[in-house]
1. If every alpha-carbon in region 154-202 counts as one equal scatterer, what log10 I(q)/I(0) does Debye give at q = 0.16, 0.30 1/Å?
2. Return the ratio Rg/(2.2 N^0.38 Å) for region 669-824, where Rg is computed over Cα atoms only.
3. In terms of Cα to Cα distance under 16 Å, which aspartates and glutamates are near enough to residue 296, apart from those fewer than 8 places away along the same chain?
4. For the chain, find the longest principal axis of its Cα atoms and tell me its angle to the long axis of helix 42-52, 0 to 90°, nearest 10.
5. So in the chain, what percent of DSSP beta bridges are antiparallel if you round to the nearest 5?
6. Quote to one decimal, in nm, the extra length available between residue 142 and residue 15 on full extension: 0.36 nm per residue of separation minus the C-alpha distance between them.
7. Quick check: at a probe of 1.4 Å, how many percent of the accessible area of the chain sits on carbon and sulfur atoms?
8. Does region 152-253 classify as rounded, prolate or oblate by the C-alpha gyration tensor (a ≥ b ≥ c root eigenvalues; a/c under 1.5 gives rounded; else a/b over b/c gives prolate, otherwise oblate)?
Amino acid sequence: MLDLWSPALERDLASAPDPALARVSLARVAEHAEARAALARPEALAAAVRLLGFSTAAANLLVAHPEEAWALADVAARSRVELDAELADDIAGLGLPDGLRRFRRRAMLRVAARDLSSAPFEEIVAEITAVAEACLAAAARSVAREGLAVVALGKLGGAELNYASDVDVVFVHEGSGPERQEVAERASAALVRSLAEPTAEGIAFRVDTTLRPGGARGALSWSLEAMRGYYATQAAAWERQALIKARPVAGQPDLGTAFVEAVAPFVFPEVLPESTIDEVRRVKVRLEEYVRASGKAGVEVKRGRGGIRDVEFAVQLLQIVHGRRDERLRVPNTLRALEILADEGYVARDDAVALGRAYRFLRTLEHRLQIVRDLQTHELPADPAARTVLARSLGTGGEDELLVEFERQTALVREIHERFFYRPLLESFAGPSTPRPGRDREATVELLGALGFDEPSAAYGVLARLVEPSTHLGKVLGHVFPVMVPALALASEPDAALVRLERVIAATAGEGRLADALANDTRMAVRLAHVVAASSFATDLLSGRPERMLALREGAETDDAQAALVSVAARYAARELEPNPTGEELAAVADRVIADAVEAAEPDVPFAVIGLGKLGAQELNFASDLDVVFVYEGEGAAEFRHGAEAAERVLDGIRDAGWEPDAGLRPEGRSGPIAKSFAAYLEYWERYAETWEFQSLLRSRFVAGDEGLGRRFCSFANDFAYPDYLPVERVGEIRRMRERIERERVRPPEASRFHFKLGYGSLADVQFAVELSLMRFGGRHPEIRTHRTLEAIERLARLRLIEDGAALALSEAFVFLSDVKDALEVDRRVHAEAIPPAPQEQLALARRLGFEEYPRQTLLEEYRRITRRARRAMERVFYEEEG
């Protein structure tokens with residue numbers, strides 16, 4: 001008899017994923033005599049505690065069908081023969097529909113119990129797949145005597161099904177003509193219904209037939225000849241990719257085999273069209289963008305960043321490229337294909353092992369998520385308690401340990417995924433002399449073309465020179481190149497990026513320490529690839545002084561301002577820096593340049609440099625001018641002369657360092673003296689300053705020189721910039737100024753729509769909306785005062801001084817448009833104010849910003865959406881009633 005309070009049971013309960021749930025569920029199940037009898041067996045009870053302490057679906061099944069508790073007495077793996085016999089008994093007793101369903105639920109109960117006892121992943125997916133195949137075979141026998149084949153795709157084809165997977169199939173029939181088509185259609189539809197139509201026992205499997213030719217609108221079954229014609233002339237790249245996993249599973253086996261053989265030339269063509277790789281990547285990017293837009297990229301085990309799809313995609317892409325010449329790679333199972341890729345030298349053994357380990361972890365995690373309620377889910381739960389139970393089911397400790405391991409594995413997958421596809425390039429230039437598929441020049445040139453190089457033969461030559469193994473540097477590059485190629489291949493101009501890399505490498509010849517640094521720091525190699533891919537000016541700086549490359553090392557610090565500038569450009573191009581921190585780091589470099597210039601100028605009076613505009617706000621872009629004003633202490637003619645001379649020397653020093661200073665925001669503009677005394681500033685602000693000048697003081701910041709003087713200047717500037725009350729006349733002035741800037745400085749007027757600096761919904765709209773709000777409310781609310789745009793928006797929204805919707809729209813526009821500006825200026829460090837009109841330049845910009853799915857179109861659509869919202873937000877802020 002089952003004792004629900006025995007010490008042995010208490011020990012089992014303590015080790016269950018959720019002990020409280022296990023006790024409650026066990027009590028529910030044990031209310032039935034037959035279940036109690038089954039669970040009285042120690043092995044059944046141990047399995048039940050593990051399972052009922054995690055899966056509510058299992059508890060519900062055993063409550064509804066207590067006799068199924070006997071299945072837990074022996075949860076060992078079943079062979080396909082044993083499964084077929086068990087299913088036959090169920091069908092004989094319950095009929096086809098309910099027999100299929102009961103069989104599947106019982107079989108999943110056993111597999112889940114074994115899974116929770118840490119059975120090998122491969123064993124679990126193999127049996128789940130065998131259960132599905134047994135159901136399909138039985139259903140096929142009942143609806144079609146001959147002439148119909150069921151071909152598996154997806155995870156069923158790969159023999160790697162989940163607990164709640166759809167089974168992806170296509171139907172192939174013999175013969176042709178309307179009558180044969182109708183018979184095949186009826187049989188196929190009946191087979192789908194027998195598995196997927198709900199009964200009192202639920203469903204057996206969801207059957208997905210949308211991967212067939214024509215998708216959901218196409219015929220349910222196709223003849224072999226029609227299939228061959230479709231894949232030869234109409235199929236998209238992703239449809240041919242799906243056929244990598246094609247495998248006959250039910251019905252007429254020779255017909256299924258004939259189908260797989262017939263479509264193989266379209267999956268693995270002798271000549272790979274250049275568009276194929278791009279088309280396949282678009283599908284992946286579309287899925288990734290969908291998950292990212294839903295805010296689930298960090299919790300989606302399947303489609304999130306570094307998730308299961310990244311592994312599957314990387315493996316399948318390599319199969320497409322190399323399976324054309326190496327038939328061993330034409331296998332549907334992911335882990336088996338990964339093993340062969342490593343065996344044949346297409347990928348590094350260490351990478352294959354790491355990727356396989358991560359894949360098993362992620363798939364096991366996905367299984368655990370689905371065991372709970374027998375639902376098709378792929379997301380980590382948001383509830384900390386549920387995450388703790390999930391972690392215990394995996395044996396990884398608590399919630400924190402689970403999240404750390406998940407982040408570690410997904411980061412590893414993403415890192416390998418981003419370089420995996422490019423490693424075979426190196427096989428053309430290094431290794432034994434025995435020819436192998438990965439080292440075939442023709443295949444490599446073809447691959448370079450598919451990756452986007454316009455002149456693949458020339459690119460091949462550059463690569464050969466770069467990784468020449470007779471030099472130390474060439475050997476180092478041969479080692480690190482797999483992590484560098486993605487940045488080059490995905491550049492807006494891959495051929496130019498490769499040439500720029502060669503320029504930098506040529507300049508480092510004989511610099512052993514640079515080669516050693518590259519060998520020891522993978523991140524440095526990645527940043528080097530990104531910076532030459534994105535930036536001509538940074539390439540020039542590196543070519544002129546190769547030692548600046550050391551600034552690309554992880555955690556590197558440098559006293560060389562130009563080397564620091566290269567580092568910022570590299571990390572921005574690699575998307576390690578978002579626009580806001582990019583602006584901060586550029587401002588830090590500029591501050592150093594100005595400080596050096598002040599030190600070299602040796603002022604003869606107390607002297608300070610004040611940053612305004614983007615410099616003051618620490619929101620610089622790559623080609624920003626440095627808006628500065630100069631203040632000195634003293635009132636005599638000698639002090640005036642010393643202050644002006646020092647200011648001119650500082651301006652010259654800034655220019656000599658490669659930056660463009662702008663002192664035009666000083667009192668009286670360019671017609672006024674270059675430097676003023678502190679007392680003269682106070683008098684000017686009190687008697688003569690106009691509204692726009694007070695507005696500019698909102699972003700004043702001490703940068704270099706006499707700190708006491710600079711801090712005093714900014715303190716008084718704040719008093720003037722933030723009045724206790726902003727008169728309606730000044731509000732009107734600010735509004736009219738914004739309108740005049742757009743009307744007079746954007747030419748022609750129709751260019752306003754894509755003028756991201758001054759036009760419709762532009763950075764100027766964001767700036768004026770924020771600055772007007774700061775001047776309106778900053779006197780009464782000192783806590784909102786800041787020279788930083790995003791910080792100001794956040795503070796204004798927190799105090800409900802602007803609407804949340806307007807705050808969101810203004811913040812989004814500021815980040816996005818700053819990114820657009822940086823992406824245009826990072827190449828040649830030339831001012832950019834508008835989206836370039838030429839389609840090719842727009843495409844290059846889109847790629848630089850990371851748009852991959854229809855990049856140019858997506859960029860323009862996103863630009864229109866964001867700027868439209870920003871203009872509406874600006875208008876709401878501008879024309880709201882005074883509070």
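1. Log-scaled intensity ratios, in q order: -0.63, -1.09.
2. 1.11
3. 288, 310, 366, 379, 383, 407
4. Helix 42-52 and the main axis of the chain meet at about 40 degrees.
5. 65 percent
6. Gain in length upon complete extension: 41.2 nm.
7. 51 percent
8. Note, shape of region 152-253 comes out oblate.
The values are calculated or read from the model by the stated rules, or taken from the named source; none is laboratory data. Predicted, not measured: the structure shown is a model, and the values here were computed from it. We place every Cβ from the backbone using ideal geometry, glycine too, and count neighbours over all the protein chains shown. We work out accessible area using only protein heavy atoms, side chains counted, and drop any ligands, DNA or RNA first. Shrake-Rupley method; radii C 1.70, N 1.55, O 1.52, S 1.80 Å.
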